[in-house]
Amino acid sequence: MVNFNLNQLYTFYLVVSLKSFSKAAQALSVTEPAVSIQIRGLEESLGCQLLTRVKKSFNLTEAGRLVFDYAEKIYGLVSDLNSEIKKITGDSKETLTVGTTKYLASVLFPPLLSAFFKHSPGVSIRIEEGSSMNIVDGLVQGNYEIAITGRIPYPKNLLQKVEFTSVTIYPVASPKGRLSNKVLEISDLNEEPLIVRDRYSAIRFNTITKMSDCKINPKVIIESGSTDLIKELVKQNRGYSFLPWAAISKEIEKKELVILNVNNLHLDFPVDILYLKDLKLSSVAEKFINFLMSKKKPSLEETISNLHDSDH
């Protein structure tokens, strides 16, 4: 009978599932050399080579494919066992961890979760918030099962994208500003003081990209991760900014901010659902994504309205 360490087998299972030593190390909260030691230990216990390194990648040997097939069955049974034990003990709620931006957490998730829990009451969801780039990084590192974020560059070889809806962002300024109450051309924004979100934000990325496409050289004077701070600075006439409707609607109504009238400037960007390509989604993640897609509308505002309607 061959004796081997189940921790070594699980490490091997993760390396092959994630197709990466570094990702397996992140998932296990250990160093990459520690992962290599576990793999070598398993090979020594089994008396055969399981994989061969090829530059930054690896290939499975015939024995490696056989061991991985059995590991999949073993950890599939472990997952089934956990589910059955939870049913017996009364802890049958499935948990889904979702990464999203602070903006989407504040405007999308309240109606989304209210409607979803009515549709799927036996589910537990943990929300992790951050900037768009940090959320994508966290997803790659295995911190969440799925992410919902504004479109930014992401590793297409690692992540699967599902287009969900879109966000429109508006150029806003103080009513006292010299750009207010005028019909402007895009070129009028050149060299105007601009207040933007931090560099990890999808709003920032899409704003700067659009302006660059229009041959505008934005004069960024302040960047901040706080939407409230940006609005206060714009109210003080320190500069103009680009913000989504839900973030400015109250200020627009109170006439504390105005939307600039800029010809031929329409700035919106997609909101995507992302998940790792090489890991099978849990049943609750699939359920959540299917629910999102059943409620999607072209714009975020329409999607939110649809969620409110379905909650009544």
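Values quoted throughout were computed directly from the atomic coordinates according to the rules given, and no laboratory measurement underlies them. Remember, predicted model here, so these are calculated numbers, not experimental data. For neighbour counting, all protein chains shown are included, and Cβ atoms are generated from backbone atoms with ideal geometry for every residue, glycine included.
Taking the alpha-carbon distance from LYS296 and a cut-off under 15 Å, which aspartates and glutamates remain once sequence neighbours fewer than 8 residues away in the same chain are dropped?
Within reach: GLU163, ASP272, ASP309, ASP311.
Which pairs break 31 Å Cα to Cα here: LYS73/LYS118; LYS56/LYS102; LYS118/LYS255; LYS254/LYS297?
Working: LYS73/LYS118 34 Å; LYS56/LYS102 35 Å; LYS118/LYS255 38 Å; LYS254/LYS297 28 Å.
Long pairs (Cα-Cα over 31 Å): LYS73/LYS118; LYS56/LYS102; LYS118/LYS255.
Can you tell me the order of 53-61, 15-23 when each peptide is scored by its average per-residue count of other Cβ atoms within 10 angstrom, highest first?
Values: 53-61: 11.2, 15-23: 19.8.
Listed from highest to lowest mean packing, they are 15-23, 53-61.
Sum -39500 (n - 2.57) across every DSSP H segment of at least 4 residues in the chain, then divide by the residue count to get the 222 nm mean residue ellipticity, nearest 500.
Calculated at 222 nm, the ellipticity per residue is -14500 deg cm²/dmol.
Under 13 Å from the Cβ of ASP228, count the other residues' Cβ atoms, weight Lys and Arg +1, Asp and Glu -1, and hand me the total. Write out the running numbers ahead of the final one.
Numbers: positive: LYS102, ARG197, LYS231, LYS235, LYS250; negative: GLU232, GLU251, GLU256.
Around ASP228, the surrounding residues sum to +2.
Over the alpha carbons of segment 182-312, what is the largest minus smallest coordinate on each principal axis, giving the biggest first in Å?
Each principal axis gives a Cα extent; for segment 182-312 these are 50, 37, 28 Å.
Counting other beta carbons within 10 Å of each residue's own, what order do MET211, MET293 fall into, fewest first? Write down the numbers at each step before the final one.
Details: MET211 19, MET293 12.
Listing MET211, MET293 from fewest to most nearby Cβ atoms yields MET293, MET211.
With a point put 7 Å past each Cα toward its Cβ, work out how far VAL220 is from ARG53 in nm, to one decimal.
3.8 nm
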